[in-house]
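The structure under discussion appears below in the form of structure tokens.
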Amino acid sequence: MKEESIQQERIPRRILPGGDAVPAIGLGTFGSDKYGPEEVARAVYGGIRQGYRLIDCAAVYQNEAQVGEALEHALEEGLAKREELFLISKVWNDRHGEGEVLASCRQSLKDLRQDYLDLYLVHWPFPNYHAPGCSGDARNPDSRPFRVQEFMKVWAQCEELAGAGLARYIGMSNMTIPKLEAVLPLCRIKPAFLEMELHPSFQQPELFQYALDHGIQPIGYCPIGSPSRPERDRDAGDVADTELPEIAEIARAHGIHPALVCLKWAVQRGQIPIPFSVKEPQYRSNLQAVTEDPLSEAEMESIRRADRNCRLVKGQVFLWPHAGSWEDLWDPDGSISC
Ligand SMILES: NC(=O)c1ccc[n+]([C@@H]2O[C@H](COP(=O)([O-])OP(=O)(O)OC[C@H]3O[C@@H](n4cnc5c(N)ncnc54)[C@H](OP(=O)(O)O)[C@@H]3O)[C@@H](O)[C@H]2O)c1
């Protein structure tokens, strides 16, 4: 027998500065080179049936056409109304040129079978790209450091597509405070969302607070610590969030999987986590977890202290030829690395 879907009234919301209410948790769709487009699309359909309303897509995940089919079925069957969904897509790094951002957005709309997106993000703040599925030491000789004027040309196209009604909100991803400091004063339309890596072992407290202080809602990717991430994003020193002693202890106390502790923490802290799973029991329990049995203040504080500053998506494949280590992508000295 099919389980009842999780009631919408029970799912927490984040209220944006303009008053709009957005689901406080969503479903990721990056198959991590491990799960094919059909599997991911089935999870999107199943996720909507279970009660997910926010779906994080991207052109580079190479599954928007299949996800679009799943969305169409879900809408046709009345599992949700379009205005209840919050659909996200992103422009990939090889589509930053003049006119390309708009073209990429239109392609995502076509693939996703939608008239508009709720949020369109600049996936990475530079035009450096790697071939899908490449190895961790792959480098693109055309890669170059972040340049404010170049980025603003991309952003201006986002502003244009928002003005044309192709996306209700526009936002950025994989930014740093120095980059935001440089670009925010130049934005005609400020970013409403910032998608960033956020999990217990990588909390980015300064950037997180910076976003909140500027009225920008953080969306947290890899919320469970991305245990199925591609080889290129694995490093011997990486920490597994679900094995952190602080997380394991809280999981034992609540009698739940450590992954669910990560998600409860994320929602209670105030980011929108977008956990990925193609397995129905997992994605259902991920959504269910944030509707019940909250963490105590002491547990929240214990997780706050568990931060290990362990970035998983280091982005080394985007490094430019004369760059030093992957850390250069993240402006460790407080100024934009060049
Ligand atoms: N903006 C960006 O640059 C960016 C970068 C990365 C990701 N993202 C987005 O963020 C989403 C989430 O990140 P992610 O997929 O890398 O990592 P994640 O959500 O932290 O981890 C996903 C993995 O966690 C496991 N999992 C999920 N629910 C579980 C549960 N209840 N119990 C036990 N294990 C569970 C599954 O592993 P198994 O497969 O082994 O079951 C799943 O593949 C992506 O799908 C994508 O939409 C955005």
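General remarks:
- Kyte-Doolittle mean at least -1.0, axial Cα span of 24 Å or more - DSSP H helices of the chain: none
- Helix content alone sets the calculated 222 nm mean residue ellipticity of the chain: runs of n ≥ 4 DSSP H residues at -39500 (n - 2.57) each, divided across all residues, give -10000 deg cm²/dmol.
- For residue 128, nonlocal amide neighbours, meaning residues 5 or more places apart or on other chains whose placed amide H falls under 5 Å from its own, are 144.
- Sorted on the mean count of surrounding Cβ atoms within 10 Å across their residues, most packed first, peptides 135-144, 116-125, 17-26 read 116-125, 17-26, 135-144.
- On a per residue basis, the convex hull of the C-alpha atoms belonging to the range 175-310 measures out at 129 Å³.
- The charge dipole of the range 8-330, taken about its Cα centre with unit charges on the Cβ atoms of Lys, Arg (+1), Asp and Glu (-1) only, comes to about 240 debye.
- Treating r as the C-beta distance of residue 84 and residue 327 and R0 as 56 Å, the FRET efficiency rounds to 0.85.
- Among 187, 105, a tally of other beta-carbon atoms within 10 Å of each Cβ gives an order, fewest to most, of 187, 105.
- Antiparallel bridge percentage (DSSP; both residues within the range 8-330; nearest 5): 15
- FRET efficiency for the pair residue 134 and residue 8, taken as 1/(1 + (r/R0)^6) with r the Cβ-Cβ distance and R0 = 41 Å, rounds to 0.55.
- Distance between modelled label sites at residue 188 and residue 214, nm, 7 Å Cα→Cβ extension: 1.9
- Protection-proxy order for peptides 320-330, 260-270, 148-158, 196-206, each taking the mean of Cβ atoms within 10 Å per residue, highest first: 260-270, 196-206, 148-158, 320-330
- Dipole of the range 8-330, positive end: most advanced residue of 184, 276, 54 [Cβ charges, Cα centre]: 184
- When the charge dipole of the chain is built from unit charges on Cβ atoms (+1 for Lys and Arg, -1 for Asp and Glu) and taken about the Cα centre, the candidate among 295, 145, 121 whose Cα reaches farthest toward its positive end is 121.
- Ellipsoid semi-axes in whole angstrom, largest first, where each is sqrt(5λ) of the Cα gyration tensor of the range 96-200: 22, 18, 15
- Convex hull volume per residue, computed on the Cα atoms of the range 85-136, equals 98 Å³.
- A simple packing score, the average count of other Cβ atoms within 10 Å per residue, orders the peptides 56-68, 292-304 as 56-68, 292-304, with the highest score first.
- Cross-link reach is defined here as a Cα-Cα straight distance under 28 Å, omitting same-chain residues fewer than 8 places apart; for residue 110 the lysines meeting it are 34, 81, 90, 153, 190, 279.
- Kirkwood-based shape ratio for the range 8-330, expressed as Rg/Rh from alpha carbons: 0.94
- Under 5 Å from the amide H of residue 195 lie the amide H atoms of 172, 173, 174, 219, each residue being 5 or more positions distant or on a separate chain, with H modelled from the backbone and absent for Pro and chain starts.
- Eigen-decomposition of the gyration tensor built on the alpha-carbon atoms of the range 149-195 gives equivalent ellipsoid semi-axes of 18, 12, 8 angstrom, largest listed first.
- Using distinct alpha-carbon pairs, which all enter the 1/r mean, Kirkwood radius of the range 42-101 in Å: 12.4
Taken together, the values in this text are just the output of simple stated rules run on the coordinates, not laboratory data. These numbers come from a predicted model, not from an experiment. Cβ sites come from the backbone with ideal geometry, for glycine too, and all protein chains shown count toward neighbours.
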